[in-house]
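Reading through the structure tokens given below for one structure.
The values are calculated or read from the model by the stated rules, or taken from the named source; none is laboratory data. As the structure is a prediction and not an experimental result, all values here were calculated from the model. Cβ sites come from the backbone with ideal geometry, for glycine too, and all protein chains shown count toward neighbours. Keep in mind that these areas ignore ligands, DNA and RNA; they rest on the heavy atoms of the full protein, side chains included. Shrake-Rupley method; radii C 1.70, N 1.55, O 1.52, S 1.80 Å.
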Amino acid sequence: MSVIIGGGKGFVGQRLVKLLREKGFQNVWTVSRKSDGKGDTITWDDIRNGNIANIVKPIKAIVNLAGAPLLSFQRWTDAYKNEVVQSRVGTTKAFVDFIRDLKDDKPDVYISMSGVSYYQPDSVKEYTEASEGGDYDFLSRLARDWEQASEPIETKFNVRRVILRSGAILGSTGGMIRSMYWPFFFSLGGPIGNGQQPFPWIHLDDVCLLIIYAIQNNHVNGILNACAPQLITNKEFSKTFAAAFTPPRLAIFPMPAFVMRTLLGPERAIVATDGQKVIPRATLQSGYTFKYPTMEEASQDLSKLYS
């Protein structure tokens, strides 16, 4: 059976493809804007036209990881904001139509990413999957609309649906660790602002293993907070990551919050300058066991980027 991954060439997608194949999934198809000429790549036009349905059937799972980067230094123009929305909501709608047209050959499960930006930043309040949100700012509304776009897959087509609200994804092959490795290596890293903001996070492997767990277990459904169970602040993250190097590094050079707001703009900078205490209650209740439940364990792996 096939697994189709929207955004399979990205940071999370590449690792997910590798882990799926290690676990015996042979027919893994990645969806991207253009085909790379390999037999396991399909395009979004293929999904929209439905002309590859007979090639990929039967389908075990569809996973949508697509989305233009939120924290890149791309100018935060109206045009780019629209790209951010369409790369998430638009691709979701493409999968909705694709699944609709599969008739009696629908996948066992549809899995999509979302983000903890769904929850309003708060240094005290603790959020679980049952907490309200989605109406605070651009990013929270984006998460809400992204999640709602896939509702017909469950309500109309009776396909099991899983949504992962992810914290900061930490992996040595990309994302924030790749950009911050060398400053911390040379003891030039530190927290953002005063560092007291909550820092919801998850190791790249746990995101991918949670997706695979959801594919393999029919009882897993609904919203799952894809965040490690350990609640930490940005300052605690910085100190723990720096201490994992050999020899340990310092983390005493904070990044002023106004610099982040200048670089990213206030709508995006809030992801780094503020935060939420997010608890993966439903994730743990599903039976998933985190590979990296603490920042100490995750940092030991992440600090080995070039060792």
Task: Residue, farthest from ALA68 (Cα to Cα), within the range 235-258, restricted to residues that are among the aromatic types (Phe, Trp, Tyr) and open to solvent by 80 Å² or more (accessible area, probe 1.4 Å) - done: PHE253
Task: Leading residue by the ranking (nearest to CYS227 (Cα to Cα)) among those in the range 93-141 that are out of contact with any Ser or Thr (no Cβ under 8 Å at 6 or more places or on another chain) and of a type in the set (S, T, N, Q) - done: THR128
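So is ALA149 small (Gly, Ala, Ser) and in contact (Cβ under 8 Å) with a residue 60 or more places away in the chain or not? Give the derivation first.
Numbers: small (Gly, Ala, Ser): yes; in contact (Cβ under 8 Å) with a residue 60 or more places away in the chain: yes.
Answer is yes for this residue.
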- [ ] Give me a count of the residues in the range 295-307 that are open to solvent by less than 40 Å² (accessible area, probe 1.4 Å) and either in a loop (DSSP other than H, G, I, E, B) or under 21 Å from GLU132 (Cα atoms) (or both).
- [x] 2
Task: Search result, residues across the range 44-84 that are farther than 16 Å from GLY265 by Cβ and among the hydrophobic types (A, V, I, L, M, F, W, C) - done: TRP44, ILE47, ILE52, ALA53, ILE55, VAL56, ILE59, ALA61, ILE62, VAL63, LEU65, ALA66
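Having 1 or more residues that are among the aliphatic types (A, V, I, L, M) and crowded, with 20+ Cβ neighbours inside 10 Å is the bar; report the strands (runs of 3 or more DSSP E) wholly within the range 41-149 that clear it.
Of the strands (runs of 3 or more DSSP E) lying wholly inside the range 41-149, those with at least 1 residues that are among the aliphatic types (A, V, I, L, M) and crowded, with 20+ Cβ neighbours inside 10 Å span 41-43, 59-64, 109-115.
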Open item on the list: So for the range 245-267 (the condition being among the polar types (S, T, N, Q), more than 21 Å from PHE11 (Cα to Cα) and in contact with a strand residue (DSSP E or B) (Cβ under 7 Å, 6 or more places away or on another chain)), does at least one residue qualify?
Closed with: no
Open item on the list: Considering only the range 259-271, I want to know if a residue exists there that is at pLDDT 90 or above, over 29 Å from ILE163 (Cα atoms), open to solvent by 50 Å² or more (accessible area, probe 1.4 Å) and not in a loop (DSSP other than H, G, I, E, B).
Closed with: no
TODO: Find the residue count for the range 169-195, including only residues that are open to solvent by 40 Å² or more (accessible area, probe 1.4 Å), over 23 Å from the mean Cα position of the chain (by Cα) and not aliphatic (A, V, I, L, M).
DONE: 5
- [ ] Test ALA226 against the stated conditions and say whether it is out of contact with any helix residue (DSSP H, G or I) (no Cβ under 7 Å at 6 or more places or on another chain), among the small types (Gly, Ala, Ser) and more than 13 Å from THR294 (Cα to Cα).
- [x] no
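Filter the range 152-172 for residues that are outside any helix (DSSP H, G or I) and over 23 Å from PRO229 (Cα atoms) and give the result. Before you say what the answer is, go through the steps one by one.
Taking the range 152-172 as the starting set, the residues that turn out to be outside any helix (DSSP H, G or I) are 156-172.
Within the range 152-172, LYS156, PHE157, ASN158, VAL159, ARG160 meet the criteria.
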Task: Neighbours by Cβ (under 9 Å, 6+ apart or cross-chain): first from the range 98-112, touching a residue at least 24 places away in the same chain (Cβ under 8 Å); second assigned to a helix (DSSP H, G or I) and aromatic (Phe, Trp, Tyr) - done: TYR110/PHE95; SER112/PHE95; SER112/TRP146
